1. Kindly indicate the residue of region 110-130 that is within 17 Å of residue 151 (Cα to Cα) and of a type in the set (A, V, I, L, M) and also surrounded by the most Cβ atoms within 10 Å (Cβ to Cβ) among those meeting that condition.
2. Name the residues in region 1-37 that are out of contact with any helix residue (DSSP H, G or I) (no Cβ under 9 Å at 6 or more places or on another chain) and within 17 Å of residue 122 (Cα to Cα), would you?
3. Identify, from the list 24, 9, the residue that is surrounded by 13 or more Cβ atoms within 10 Å (Cβ to Cβ), of a type outside the set (Ser, Thr, Tyr) and in contact with a Cys (Cβ under 8 Å, 6 or more places away or on another chain).
4. With the condition kept exactly as written, say whether any residue in region 48-58 is of a type outside the set (Asp, Glu), assigned by TED's automatic domain parsing to the domain that holds residue 86 and touching a Gly at 6+ places or on another chain (Cβ under 6 Å).
5. When region 38-64 is examined, which residues are found to be surrounded by fewer than 16 Cβ atoms within 10 Å (Cβ to Cβ) and either outside any helix (DSSP H, G or I) or touching a residue at least 40 places away in the same chain (Cβ under 8 Å) (or both)?
6. Please state which one of 121, 107 is at positive phi and either in contact (Cβ under 8 Å) with a residue 60 or more places away in the chain or of a type in the set (Phe, Trp, Tyr) (or both).
7. For region 97-109, indicate whether the set of residues that are within 23 Å of the chain's Cα centre (by Cα), surrounded by 14 or more Cβ atoms within 10 Å (Cβ to Cβ), assigned by TED's automatic domain parsing to the domain that holds residue 36 and in a strand (DSSP E or B) is non-empty.
8. Looking for whichever is more than 13 Å from the chain's Cα centre (by Cα), farther than 30 Å from residue 152 by Cβ and assigned to a strand (DSSP E or B) here; the options are 9, 24. Which one fits?
Amino acid sequence: MAGIVKERMTAVIEGDFAVFLIGMRINKYWKVWKWAPVADAMRKMIVELESHPEAGLLHARQHFGLRNVMLVQYWRSFDHLHAFATQSNGPHLSAWKDFNRAISSNGDVGIWHETFLVPAGSYEAFYNNMPRYGLALAGDCAPARGKRKSARGRLGLTDGEDLAL
């Protein structure tokens, strides 16, 4: 398989960053005219962000469930994320207004988000027999050897030799 890295790897990202989870839940699946515009607005925002890397989005990936759509996003900073969300002529504010006009709190479509601020070095990631994924796409990828061998080592708590295999 192309892109599979056949060794233990970890993600490396310089500085602080933010992880933003955002999603929608289709509560009334037969009301396609209600939830389809929400899903389309999410898609359009990602397209917009990918065409403007200076906006601060490092990587985004969609995940689908039966009633749920979730995007995992990695941002250079919370300030970048907040600037995008509140930009007066940007796609998010327009989509938010449309949602409130068409759905608001009527129960047809649920929306949610969670934001996590990650201080430099306060994360760890592990991948084996995987293509670059998640944080490794937002930052860089490095072999999980030496101090990066164990989860505690990747967090800077040990020398990495505490991994029992």
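The values are calculated or read from the model by the stated rules, or taken from the named source; none is laboratory data. For clarity, every value in this text was computed on a predicted model and none was experimentally measured. Glycine gets a Cβ as well: all are built from the backbone with ideal geometry, and neighbour counts include every protein chain shown.
1. Residues of region 110-130 that are within 17 Å of residue 151 (Cα to Cα), as a first pass: 118-128.
Keeping just the survivors that are of a type in the set (A, V, I, L, M) gives 118, 120, 125.
Numbers: 118: 17, 120: 10, 125: 20.
So, considering only residues that are within 17 Å of residue 151 (Cα to Cα) and of a type in the set (A, V, I, L, M), the one surrounded by the most Cβ atoms within 10 Å (Cβ to Cβ) is 125.
2. Listed by number, the residues that qualify are 14, 15.
3. Values: 24 fails: in contact with a Cys (Cβ under 8 Å, 6 or more places away or on another chain).
One residue alone meets the criteria, 9.
4. Taking region 48-58 as the starting set, the residues that turn out to be of a type outside the set (Asp, Glu) are 49, 51-53, 55-58.
The next check asks that each one be assigned by TED's automatic domain parsing to the domain that holds residue 86; those that pass are 49, 51-53, 55-58.
Restricting the remaining residues to those that are touching a Gly at 6+ places or on another chain (Cβ under 6 Å) gives none.
Within region 48-58, not a single residue is of a type outside the set (Asp, Glu), assigned by TED's automatic domain parsing to the domain that holds residue 86 and touching a Gly at 6+ places or on another chain (Cβ under 6 Å).
5. Result: 44, 48, 51, 52, 61, 62, 63, 64.
6. Working: 121 fails: either in contact (Cβ under 8 Å) with a residue 60 or more places away in the chain or of a type in the set (Phe, Trp, Tyr) (or both).
Selected residue: 107, the only one of 121, 107 that is at positive phi and either in contact (Cβ under 8 Å) with a residue 60 or more places away in the chain or of a type in the set (Phe, Trp, Tyr) (or both).
7. There is at least one residue in region 97-109 that is within 23 Å of the chain's Cα centre (by Cα), surrounded by 14 or more Cβ atoms within 10 Å (Cβ to Cβ), assigned by TED's automatic domain parsing to the domain that holds residue 36 and in a strand (DSSP E or B).
8. Details: 9 fails: farther than 30 Å from residue 152 by Cβ.
The match here is 24.
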